[in-house]
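J.: Following this message is one structure expressed as structure tokens.
The values are calculated or read from the model by the stated rules, or taken from the named source; none is laboratory data. Just so it is clear, the model here is predicted, and its values are computed rather than measured. Here Cβ is always computed from backbone atoms with ideal geometry, including for glycine, and neighbour counts include all displayed protein chains. For accessibility, only protein heavy atoms count, side chains too; no ligands or nucleic acids. Shrake-Rupley method; radii C 1.70, N 1.55, O 1.52, S 1.80 Å.
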Amino acid sequence: MNNNPLAAAIRNAFIHNVLNKPLEQEKEDFSKNSIENIIRNKRICLFEKAINRFLINSGQKPVSGTSQFADEKNLLTFSLQLSGYIRDAQKALDKLTSAQACDPDLIKLYQAAAKYSADCSGRIKGSKYVFKEHCDYLFWKINNTDKLSNAEFISENIYINPQRKNLIISMPFHINGTQEELQNWSTKFLNDTLDNKQVFGSQVDVYMAHFPIEQPRGEKFALSLTTIRNPENHFEDVDMKFVKQHLLHFIGQDIRLDKHNHVIEGQAFDSETFKKNCNITFLDYCAGGAHVHRWINAFSHVASQLYDAKTTQEALANMFVISHAFLPIQKESKYSGAHFMSSFANDKMRKEPFIKMFNPELYEQTKYRPDTSAPARITIMPDNRNYVIALNLPEDFAVYDEHHNKQSLPDLENGHHMAVITKKNANSLSNYPYQQFITVLENASLGQRGLNVFNHRDNISAQRRNERLAIFSLRATQQPRTGS
């Protein structure tokens, strides 16, 4: 797409991180016509072609050919860090439109980066990276009898019971499925938000999904942008597989699908049972929001073959999606939800990078405003079922570590880090973002819907109740015009 401001940032990153980097590989006869060298040149040329297609179509000059002498360690790093280069290009993000964010050539560039990453696996001396395209989700039931850092993650014989309250967490992790990594990474972002045993584990069963470490990073971003570009019905084969494995029995009994995902056998529930079954709560972070959106599209694709449009619409609206750092991508979403984001009141050249990267115009419409007297700004989406809660990111944001010492939060990324809402601000007495998020998470997980998810719990302070009421008295009355 012509004039895409991201192109200049990507071109500069390529020149700096690939062309201008010294050749670190051991001396090698690159002119040697070996099979391995032919394969090497082919994979590099394919990736370069995608880079230059994006640059040229965006009005930039192409980069010079490097396939014969490129250091593949540097080129592989470039393929893995595309989103990082965009994240750091605040001047480019400042000019970005939604059409440019979902530029088909940018999606193809991410796809080419994913393919290049996978094609490099086992072929670059000294590189331990192993990537594989089109991986399945890893899915776990979380048994948290103590605290999340000691929780047990179970992957065998998982059955989600429609008669229970269920919370399904979707994270953008690329990690190994070991107990240690699952405990460490989930605690890093969720902290103690699942540790209320009166809710989680007793009344609410908790599950978590993510992609394995082998998924190329470019694929995650390509999937997210494709979802945002085609929000109404898009889902991937891996999303339908997830629904078949874990949610099909929420839709009906003994359902069987053919290879085109057409229902060939099965029995629908009565409409009230189906609507009750859809009282599922999802919690997602960043690109995990795109995963949830596609799961619900896949779920809807099956459900619409067994139920009339009105019943399906009402049932899906009973699903509740809690997001952090991923805004609604439609004006009228199939589901309901509360979508948290954080930004500096003055975000000039320090915008929340990934929300701005994914949904730039809605970010500008809904972000926290310096003239907002409450600790958050509420925007109601046109469907009147989804709320954007834009939190003020304090300049002095800090958290307590496990020894109760105050410390800055590493990798804050201008409010993108989920710990902004899952850890208490060491410099705040009210800890409004943390308290509001906990309230919504617990209420929604227990089955509350609509504005009831914001209702105070019995154990909160009068100060927190007053803050919540203040926010809703100041909430936005003008609905955003963009979203899909």
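J.: Got at least one residue in region 144-155 being in contact with a His (Cβ under 9 Å, 6 or more places away or on another chain), farther than 29 Å from Ser79 by Cβ, touching a residue at least 24 places away in the same chain (Cβ under 8 Å) and open to solvent by less than 50 Å² (accessible area, probe 1.4 Å)? Please lay out each step first, then the result.
T.: Step one: filter region 144-155 for residues in contact with a His (Cβ under 9 Å, 6 or more places away or on another chain), giving none.
No: zero hits.
J.: Among what's in region 208-222 and is charged (D, E, K, R) and in contact with a helix residue (DSSP H, G or I) (Cβ under 6 Å, 6 or more places away or on another chain), pick the residue that is most open to solvent (accessible area, probe 1.4 Å).
T.: Within region 208-222, the subset charged (D, E, K, R) is 214, 217, 219-220.
Imposing the further condition that a residue be in contact with a helix residue (DSSP H, G or I) (Cβ under 6 Å, 6 or more places away or on another chain) reduces the set to 217, 219.
Numbers: Arg217: 83, Glu219: 17 Å².
Here the residue is Arg217.
J.: Further, regarding this structure: Given the options Glu442, Glu413, name the one that is at positive phi and modelled with pLDDT of 95 or more.
T.: Details: Glu442 fails: at positive phi.
The match here is Glu413.
J.: Right, something else. Check every one of the helices (runs of 4 or more DSSP H) wholly within region 292-402 and list those with 3 or more residues that are open to solvent by 10 Å² or more (accessible area, probe 1.4 Å) and not aliphatic (A, V, I, L, M). Even if it seems obvious, please write down each step before you answer.
T.: Working: elements: 309-316, 353-358, 360-366.
Correct list: 309-316, 360-366.
Yes/no matrix, rows are residues, columns are (1) in contact (Cβ under 8 Å) with a residue 40 or more places away in the chain; (2) within 17 Å of the chain's Cα centre (by Cα):
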{"residue": "His301", "(1), (2)": "yes, no"}
{"residue": "Ser304", "(1), (2)": "no, no"}
{"residue": "Ala309", "(1), (2)": "no, no"}
{"residue": "Asn318", "(1), (2)": "yes, no"}
{"residue": "Pro328", "(1), (2)": "yes, yes"}
{"residue": "Phe344", "(1), (2)": "yes, no"}
{"residue": "Met349", "(1), (2)": "yes, no"}
{"residue": "Met357", "(1), (2)": "yes, yes"}
{"residue": "Ala376", "(1), (2)": "yes, no"}
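J.: Continuing with this model, one more query. Can you name every residue in region 102-121 that is open to solvent by less than 10 Å² (accessible area, probe 1.4 Å) and either modelled with pLDDT under 95 or assigned to a helix (DSSP H, G or I) (or both)?
T.: Across region 102-121, the qualifying residues are Leu106, Leu109, Tyr110, Ala113, Ala114, Tyr116, Ser117, Cys120.
J.: Inside region 249-284, can you point out the residues that are in a helix (DSSP H, G or I) and open to solvent by 20 Å² or more (accessible area, probe 1.4 Å)?
T.: Keep residues of region 249-284 that are in a helix (DSSP H, G or I), which gives 249-251, 271-277.
His249, Ser271, Glu272, Thr273, Lys275, Lys276 - these are the residues of region 249-284 that are in a helix (DSSP H, G or I) and open to solvent by 20 Å² or more (accessible area, probe 1.4 Å).
J.: Over 29 Å from the mean Cα position of the chain (by Cα), modelled with pLDDT of 85 or more and surrounded by 14 or more Cβ atoms within 10 Å (Cβ to Cβ), is that true of Pro62?
T.: Details: over 29 Å from the mean Cα position of the chain (by Cα): yes; modelled with pLDDT of 85 or more: yes; surrounded by 14 or more Cβ atoms within 10 Å (Cβ to Cβ): yes.
So Pro62 passes the test.
J.: Further, regarding this structure: Being over 24 Å from the mean Cα position of the chain (by Cα) and of a type in the set (S, T, N, Q) is the filter here; which residues of region 378-407 pass it?
T.: Asn405, Gln407
J.: Now for a different question. Count, please, the residues in region 160-201 that happen to be closer than 22 Å to Leu446 by Cβ, open to solvent by less than 30 Å² (accessible area, probe 1.4 Å) and not in a helix (DSSP H, G or I).
T.: Adding up the residues that qualify gives 13.
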